[in-house]
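Take a look at the structure set out below.
The values are calculated or read from the model by the stated rules, or taken from the named source; none is laboratory data. Only a predicted model underlies this, so the values are computations on that prediction, with no experimental measurement involved. Note that each Cβ is placed from the backbone with ideal geometry, even for glycine, and that neighbours are counted across all protein chains shown.
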Amino acid sequence: MTDVERELRGLATLLLLEKEARHAETLERLGFVIVNDTHELIRYHQAVLWRRPASGKPEILAFSGLANPDTHSPFYIWIKSFLDLVSRKERAPALQLLTASDLPEGLRDGWHEWMPGPVLWCPLVAPGGRWLGGLMLSRKEPWQPGEGKLLERLVDAYAHAWNGLERTTPGPRERLGTLVRSSRNRLIALGFLIALLVLPVRESALGPAEVTPVEPEVASSPVEGVVRKIAVEPNAVVRRGDLLFSLDDTQVRNRYEIAKRGLAVAEADYLRATQKAFTDPKSKSELALLKAKAKEKQAEADYTADLLARMQVRASRDGIAVFSDPSDWIGRPVVVGQRVMLIADPARSELEIRLPVEDAINLEPGAEVLFFMNIRPAEPLTARLSRTSYEAQSVPGGALAFRLKARFDAAESPPRIGLKGSAKVYGERVSLFYYLMRRPLAVLRRMAGI
């Protein structure tokens, strides 16, 4: 092939590439033409096309021979660092030849590993002077001066086609701006927003909850003392009359022994006086006093015997024992009436909810409740609100909460007493605006002192 034929062929290829660039309908199609079809005019091993945004880091648009490059590969990361360095210039550089010596030391190792030879740097500049991006071409063979002249014209055509695509194809921001500027669209959006805000939704609140027994029997301390032994385990089944716990009876037992001996002495004195009364009129006059003293000692002995019997607390009904760890009670002093455990019917349980004050809503008896147990959060149980407290109470942690009670539906099998979770309580229907703004309005009201 003669030199004239080679030049004519190159000119025809140049015109064909310019035509393909002008006819590209999208920027993705234009990028494919730039990194792949340019090879018909200029031979190279690798081509990278990138975009220079007005703000932010450069964006890689296309690689030659790759449809979806791996964004986590070492080569891709190195190219991003290289382009970030180049794009920091305020104005687009002219078409130039780059080597490893033009880079800082941090990027030279990657150049020797990823670039087969010198790189021809081709900036893409729009007719108005705006720097759109650039094209990188690399190969092992040295670049010829004539190839640079061809690329200058071809890159100028690519930039012109790129600029035209950006003008004719509005981006997301431009399309959004067009929609917003339309008066009709504004009215439609306003009407849709108002309709959405007045949409009725069910008001709801969420709070921690626990399964508690219904009307349990309280097993409390009958006297003041120290717990010596817990005879049952937590959640153990007990029968009426079973021993639950016992108190230390050392002091009471000693008092009982002393009272018995005092009673024996009083009865002996009364018996001796009775026998002497037949012969000694003086002894007969002491009978009434000695009899009264014997009755006093008898009453004291009966009282201490009753106290000794009450040192052992027994179950008054069938059920399960509900209390904490037995080791928390052994050796612990208790006062009269202090609760040690509960005896509850496992078939009768209810839900106790502690609703924080800031989440309080208007609730009526019979409101729907969903209980999400910690052990099975995906299988909520349904219940109905039975009663609410009229004032907030302090809960562990120092916060204030309303105490709510809910009964499980008859169709639900009652969960085990002591299980914990979260309960969602549903109130009346309100507008979506009130549902979303209830908490912010409450905060503003407290700040304003209203």
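Quick one: which residue in Arg387, Arg446 is in a helix (DSSP H, G or I), farther than 30 Å from Glu233 by Cα and basic (Lys, Arg)?
On the way: Arg387 fails: in a helix (DSSP H, G or I).
After ruling out the rest, the residue left standing is Arg446.
Listed here are the residues, each with its yes/no results for (1) in contact with a His (Cβ under 8 Å, 6 or more places away or on another chain); (2) more than 23 Å from Gln144 (Cα to Cα); (3) of a type in the set (Gly, Ala, Ser); (4) without any contact (Cβ under 8 Å) to a residue 60 or more places away in the chain.
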| residue | (1), (2), (3), (4) |
| --- | --- |
| Ser64 | yes, no, yes, yes |
| Ala67 | no, yes, yes, yes |
| Pro118 | no, no, no, yes |
| Ala126 | yes, yes, yes, yes |
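Please go through the range 59-73 and give me each residue that is at pLDDT 80 or above and not in a strand (DSSP E or B), ordered by number.
Matches in the range 59-73: Ser64, Ser73.
Go through the range 81-135 and count every residue that is acidic (Asp, Glu) and closer than 22 Å to Gly31 by Cβ. Step through it out loud before you land on a result.
First, pick out the residues of the range 81-135 that are acidic (Asp, Glu): 84, 90, 102, 105, 109, 113.
Of the ones still in play, those that are also closer than 22 Å to Gly31 by Cβ are 84.
Final tally of qualifying residues: 1.
In the range 406-434, which residues are part of a strand (DSSP E or B) and under 28 Å from Leu196 (Cα atoms)? Break it down stepwise before answering.
Step one: list which residues in the range 406-434 are part of a strand (DSSP E or B), which gives 406-408, 420-431.
Within the range 406-434, Ala423, Lys424, Val425, Tyr426, Gly427, Glu428, Arg429, Val430, Ser431 meet the criteria.
Given the residues Ala92, Ala47, which is the only one that is modelled with pLDDT under 75, within 26 Å of Gln144 (Cβ to Cβ) and not in a helix (DSSP H, G or I)? So that I can check it myself, show each step before the final result.
Working: Ala47 fails: modelled with pLDDT under 75.
Matching residue, one of Ala92, Ala47: Ala92.
Is it the case that Arg6 is part of a loop (DSSP other than H, G, I, E, B) and either modelled with pLDDT of 80 or more or basic (Lys, Arg) (or both)? First the steps, then the outcome.
On the way: part of a loop (DSSP other than H, G, I, E, B): no; either modelled with pLDDT of 80 or more or basic (Lys, Arg) (or both): yes.
So Arg6 does not fit the description; no.
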Exercise for the section: Sort out which residues of the range 309-343 are outside any loop (DSSP other than H, G, I, E, B), closer than 22 Å to Arg240 by Cα, among the small types (Gly, Ala, Ser) and at pLDDT 85 or above, and write them in order of number. Expected result: Gly319, Ala321
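Would it be correct to say that Arg108 is more than 19 Å from Leu151 (Cβ to Cβ), of a type outside the set (Gly, Ala, Ser) and either in a helix (DSSP H, G or I) or outside the structural domain of Leu150 (by TED's automatic domain parsing) (or both)?
Working: more than 19 Å from Leu151 (Cβ to Cβ): yes; of a type outside the set (Gly, Ala, Ser): yes; either in a helix (DSSP H, G or I) or outside the structural domain of Leu150 (by TED's automatic domain parsing) (or both): yes.
Considered against the rule, which asks whether it is more than 19 Å from Leu151 (Cβ to Cβ), of a type outside the set (Gly, Ala, Ser) and either in a helix (DSSP H, G or I) or outside the structural domain of Leu150 (by TED's automatic domain parsing) (or both), Arg108 comes out as yes.
So which of Val395, Val430 is more than 23 Å from Leu342 (Cα to Cα) and of a type in the set (A, V, I, L, M, F, W, C)?
Numbers: Val395 fails: more than 23 Å from Leu342 (Cα to Cα).
Result of the check over Val395, Val430: Val430.
Is it fair to say Trp78 is buried (at least 18 other Cβ atoms within 10 Å of the Cβ), aromatic (Phe, Trp, Tyr) and in the same structural domain as Val155 (by TED's automatic domain parsing)?
Values: buried (at least 18 other Cβ atoms within 10 Å of the Cβ): no; aromatic (Phe, Trp, Tyr): yes; in the same structural domain as Val155 (by TED's automatic domain parsing): yes.
No; evaluated as a whole, the condition is false for this residue.
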Handout entry: Pairs, first farther than 29 Å from Pro333 by Cα in the range 249-268, second of a type in the set (Gly, Ala, Ser) and in a helix (DSSP H, G or I), C-beta under 9 Å, six or more apart
Key = Gly262/Ala301; Leu263/Ala294; Leu263/Ala301; Ala266/Ala294; Glu267/Ala294
Handout entry: Given (1) closer than 18 Å to Phe75 by Cα; (2) in contact (Cβ under 8 Å) with a residue 40 or more places away in the chain, index of the condition Asp109 fails
Key = (2)
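Scanning for something under 24 Å from Leu206 (Cβ atoms), over 21 Å from the mean Cα position of the chain (by Cα) and surrounded by fewer than 11 Cβ atoms within 10 Å (Cβ to Cβ), does the range 405-412 turn up at least one residue? Steps first, answer last, please.
At the first step, the residues of the range 405-412 found to be under 24 Å from Leu206 (Cβ atoms) are 405-409, 411-412.
In the following step, the residues that additionally are over 21 Å from the mean Cα position of the chain (by Cα) were identified as 405-409, 411-412.
With surrounded by fewer than 11 Cβ atoms within 10 Å (Cβ to Cβ) added as a condition, the list becomes 411.
Yes, because at least one residue in the range 405-412 is under 24 Å from Leu206 (Cβ atoms), over 21 Å from the mean Cα position of the chain (by Cα) and surrounded by fewer than 11 Cβ atoms within 10 Å (Cβ to Cβ).
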Exercise for the section: Select from the range 109-159 the residues that are among the charged types (D, E, K, R) and surrounded by 14 or more Cβ atoms within 10 Å (Cβ to Cβ) and list them in ascending order. Expected result: Arg130, Arg139, Glu147, Asp156
Completion exercise
In the range 230-260, anything part of a strand (DSSP E or B) and exposed (fewer than 15 other Cβ atoms within 10 Å of the Cβ) is listed as Val237, Leu243
Exercise for the section: Inspect the range 344-357 for any residue being in contact with a Gly (Cβ under 7 Å, 6 or more places away or on another chain), surrounded by fewer than 17 Cβ atoms within 10 Å (Cβ to Cβ) and not in a loop (DSSP other than H, G, I, E, B) and give the result as yes or no. Expected result: yes
Problem - Cross-chain or 6+ apart pairs with Cβ under 7 Å, the range 323-337 first and within 14 Å of Asp249 (Cα to Cα), then among the polar types (S, T, N, Q) and not in a strand (DSSP E or B) - result: Val334/Ser221
Fill in the blank from the handout: Of those in the range 153-177 that are hydroxyl-bearing (Ser, Thr, Tyr) and modelled with pLDDT under 80, the residue farthest from the chain's Cα centre (by Cα) is Thr168
